[in-house]
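Notes follow the structure.
The values are calculated or read from the model by the stated rules, or taken from the named source; none is laboratory data. Being a predicted model, the structure only gives us computed values, none of them experimental. Positions of Cβ are generated from backbone atoms using ideal geometry, with glycine treated the same way; all protein chains shown enter the neighbour counts.
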């Protein structure tokens, strides 16, 4: 592992712009990658939080992401989530590169959402509502803008100052934007009712809004939870919606947004309309109600984007115009 190259956050972002990330994920699925074949990630409870190990393999590459989740870290001025990715050659298992794991997550998660929205949402949707004010919230603004004509953004966050800062960042990027605190119930309800796209990017353990407020035709992506008892969406919305997940196996193990309604008898596992590969293949019938894409994050997504970053780096790309 002497002189193992390390691709830091800035390098990953430069080599794989959001549009390229969406494209390589779609290309992988169209080439036959089956998300259902991805190993389940072990989640290890440690005194300070959780450790997640996310391995994946293709013929050309093998990789693993080690992620730590320390809920008390923000009080120490440290990130809640930290991580590193190790990419290996698929034939020899020789290490090829290490990558900033959080930059990878911050890129691939919204890129996966954007890929789902490309195939699930109505083509005209322009009003985007974002719950959350962290890196994933901003990443989803950038990603969804790649696949739909976003004309304005509403940010809802628990911390009004952070929500306002994200709205200002959107305005600086040329998007009209406004911000509301989560406690502004009337304003939040109006924003939900008006939205064409809703991105839920929070650590909430209970639903963020009453599902009955979401209109038919709206597309909702929920990325914040990977625990069976935590959810951002309520059973009313899920029951009305065409629900697509990354992979059925992973969703039924980790996605509280679908597991809790199943437990409550609101839906059955048969309510899941399809997985991401089926959606990309055009094999998911979409109803007239809301459309929901629920993701928990899967190791194959990290591997595909990490391989793209490594190949761009090895090929001497600068990332300009990519």
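Quick notes on this one:
- Subset of segment 189-201 that is assigned to a loop (DSSP other than H, G, I, E, B) and out of contact with any helix residue (DSSP H, G or I) (no Cβ under 8 Å at 6 or more places or on another chain) - its residue that is surrounded by the most Cβ atoms within 10 Å (Cβ to Cβ): 195
- Qualifying residue in segment 4-18 (condition: under 16 Å from residue 254 (Cβ atoms), surrounded by 14 or more Cβ atoms within 10 Å (Cβ to Cβ) and in contact with a helix residue (DSSP H, G or I) (Cβ under 7 Å, 6 or more places away or on another chain)): no
- Which numbered condition residue 144 fails, given (1) in a helix (DSSP H, G or I); (2) modelled with pLDDT under 95; (3) touching a strand residue (DSSP E or B) at 6+ places or on another chain (Cβ under 7 Å): (2)
- Residue 60 being under 21 Å from the mean Cα position of the chain (by Cα) and modelled with pLDDT of 95 or more: no
- Comparison of 287, 211, 217, 270 shows that the only residue that is in the same structural domain as residue 191 (by the TED database) and at positive phi is 217.
- Filtered residue count, segment 281-306, keeping only those that are farther than 24 Å from residue 214 by Cβ and either free of Cβ contacts under 8 Å to residues at least 12 places away in the same chain or in contact with a helix residue (DSSP H, G or I) (Cβ under 8 Å, 6 or more places away or on another chain) (or both): 10
- Residues in segment 143-187 that are surrounded by fewer than 21 Cβ atoms within 10 Å (Cβ to Cβ) and touching a residue at least 60 places away in the same chain (Cβ under 8 Å): 146 alone.
- Condition met for residue 81 (free of Cβ contacts under 8 Å to residues at least 40 places away in the same chain, surrounded by fewer than 24 Cβ atoms within 10 Å (Cβ to Cβ) and under 21 Å from residue 10 (Cβ atoms)): yes
- Residue 237 being in contact (Cβ under 8 Å) with a residue 24 or more places away in the chain and either surrounded by fewer than 16 Cβ atoms within 10 Å (Cβ to Cβ) or part of a helix (DSSP H, G or I) (or both): yes
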